[in-house]
Amino acid sequence: MPINFQRLGALIRKETIQILRDRRFLLLFLGLTLVQLFVYSYSASRTVYHIPMAVVDQSHDAQSRALVQALVNSQYFDATVYLNGPNQILQAIDRGQVKAGIVIPPDFAAGIARGSASFLMLLDGSDQFAVSSADSAASLVAQSFGANLSAESLARAGGLAAAPAAAGALPITASTQVLYNPAMNDRWFVIPGIIGMILQTLAVEQAAIFLVRDREWGTLEQMLATPIRQLELILSKLIPLSILCLLALGLSLALGVFWFGVPFQGSLFLYFWLALLFIASCLGLGLVISTRARTQFEAEASSLVFMLFGLLLTGLFYPRTGMPLVPQLIGDLVPLTYFIRISRGIYLKGIGLNFLWGDALVLVLYTLVVVFVASKRFRMRLD
C-alpha cells in the first residue's frame with residue numbers, strides 16, 4: 001500500500017511532541033551521550049605515567065642517584081618510597097603502595113666502569129597497564145642513561161668522534177621481573193576484574209528495577225495491602241538476588257580456574273565473604289536507583305551509566321592513574337573500583353585481609369550509606 005505522507009507527518013509530529021514533553025527522557029538521552037563522550041575521551045589511554053616506584057639503592061653513589069632521577073624525569077615513574085631490601089618492595093607491592101620497585105646492586109658504579117652494570121626492576125603483574133608501561137620505560141631509560149654515560153666517558157677521554165662506534169655497547173642494562181603474572185598473560189589480568197563486573201551488573205540492574213517493575217505490574221499495591229513491613233519487602237527481594245549473584249560468582253570462579261587456567265592463589269573463604277560484601281553494596285546501589293526511577297527504562301538507563309563507569313573508570317580495562325581528577329572521583333563512587341583491587345589481590349597475589357582491609361572498609365561504609373539512603377527514599381515513595 002502506498003504511504004500516506006500526510007498521515008505519516010501527523011504521526012511524526014505526535015511522537016516529536018511526546019518526546020519533547022518527556023523531559024526526563026530527554027535528560028537521560030542527552031546525558032548518556034555526554035557521559036559516554038567525556039568518559040571515553042578521558043579514559044581511553046592505556047599508557048600509564050607516574051607509576052609509584054619503591055627504590056632500594058644498595059650502591060649509594062652519584063651514579064645510582066642519577067639513574068633514579070632519570071627514571072623520575074621520564075615521567076613514567078615517581079620514587080615514592082625508599083626501602084632497604086627487595087623483600088620490602090614485595091610487601092609494598094602487596095599493599096598496593098607501589099606498582100614497581102628498582103633494586104640497584106652495591107657494585108653498580110664499578111659495573112659502569114667495567115661497561116657491564118645492571119639493575120633489577122620488580123613489577124606488579126596484577127596490573128597489566130603498569131607492567132607494560134614500566135617494562136618499556138625502564139628499558140628506554142636504561143638505554144638513554146647508558147648512552148649518556150658512554151658519551152660523557154668518550155668526551156672526557158677526547159674520543160667524542162668515536163662515540164657512534166661505541167653506541168652498541170652501552171654500559172648499563174635493565175633486568176625485569178614480573179611478579180604474580182610472569183608470562184604477562186592477559187587472561188590472568190582480566191578474569192579477576194571481569195568477575196567483579198559481572199556481579200555488579202547483575203546486582204545493580206536487577207535491584208534497580210524491582211520496585212519500578214512491581215509498581216508497573218500493579219503487584220506493589222497488592223503487597224502494601226497486606227501486613228508486610230518495609231524491611232520484609234526489601235529482604236524478600238534482595239535475598240534471592242544475593243543467592244543468584246553468589247551462584248554466578250561460583251560459576252565464574254570455576255570457569256576462570258578450570259577453563260581459562262587462571263590459578264587462584266588466595267583464600268576462598270576470604271574471597272567469598274568480601275565478594276558478599278561487594279554484592280551487598282551493589283544491591284544497595286540498585287535500590288537507590290530503584291527509588292528514584294519512575295519507569296523500567298529510567299532504571300535500566302541509570303544502571304547502564306554505572307555499567308559504563310565500571311568498564312571505563314574503575315581500572316578494569318583502562319588505568320586509573322592516567323585519568324584526570326574528575327573521572328577518578330567518579331570512579332570512586334563505583335563499588336567495583338574497590339572490589340577489583342580485592343579480587344586481583346586475593347586471586348593473583350594470594351594476599352590477605354591485612355593488605356586489603358582499606359578497600360574492605362570502604363565497601364562496608366559504602367553499603368551502609370546506600371542502604372540508609374535507599375530505605376529513606378523507599379519510605380518516601382511508599383508514602
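The values are calculated or read from the model by the stated rules, or taken from the named source; none is laboratory data. Predicted, not measured: the structure shown is a model, and the values here were computed from it. FYI the Cβ positions are ideal-geometry reconstructions off the backbone, even for glycines, and counts take in every protein chain you see.
Test SER133 against the stated conditions and say whether it is crowded, with 23+ Cβ neighbours inside 10 Å, of a type in the set (Ser, Thr, Tyr), touching a residue at least 24 places away in the same chain (Cβ under 8 Å) and not assigned by TED's automatic domain parsing to the domain that holds MET323. The answer is yes for SER133. Scanning segment 296-320 for residues that are assigned to a helix (DSSP H, G or I) and within 14 Å of ARG341 (Cα to Cα) returns GLY310, ARG320. Candidates in segment 340-361 are the residues that are out of contact with any Ser or Thr (no Cβ under 9 Å at 6 or more places or on another chain) and β-branched (Val, Ile, Thr); of these, the one that is surrounded by the most Cβ atoms within 10 Å (Cβ to Cβ) is ILE342. Scanning segment 307-314 for any residue that is under 24 Å from VAL257 (Cβ atoms), buried (at least 20 other Cβ atoms within 10 Å of the Cβ), in contact with a helix residue (DSSP H, G or I) (Cβ under 6 Å, 6 or more places away or on another chain) and not basic (Lys, Arg) turns up at least one such residue. The residues of segment 321-339 that are buried (at least 18 other Cβ atoms within 10 Å of the Cβ) and either at pLDDT 80 or above or part of a loop (DSSP other than H, G, I, E, B) (or both), listed by number, are MET323, PRO327, ILE330, GLY331, VAL334, PRO335, LEU336, THR337, TYR338, PHE339. Looking at segment 293-328 only, could you name the residues that are basic (Lys, Arg) and either closer than 16 Å to ALA203 by Cβ or within 8 Å of the chain's Cα centre (by Cα) (or both)? Across segment 293-328, the qualifying residue is only ARG320.
Taking the numbered list (1) surrounded by fewer than 19 Cβ atoms within 10 Å (Cβ to Cβ); (2) under 30 Å from GLN128 (Cα atoms) in turn, TYR366 passes all entries but (1).
Within segment 175-212, being within 18 Å of the chain's Cα centre (by Cα) and outside any helix (DSSP H, G or I) holds for TYR180, ASN181, MET184, ASN185. Cβ separations smaller than 7 Å between residues 6+ apart or across chains give the following pairs from segment 237-265 residues that are under 17 Å from GLU205 (Cβ atoms) to residues that are surrounded by 11 or more Cβ atoms within 10 Å (Cβ to Cβ) and of a type in the set (Val, Ile, Thr): SER242/ILE279; CYS245/ILE279; ALA248/ILE198; LEU249/ILE195; SER252/ILE195; SER252/ILE198.
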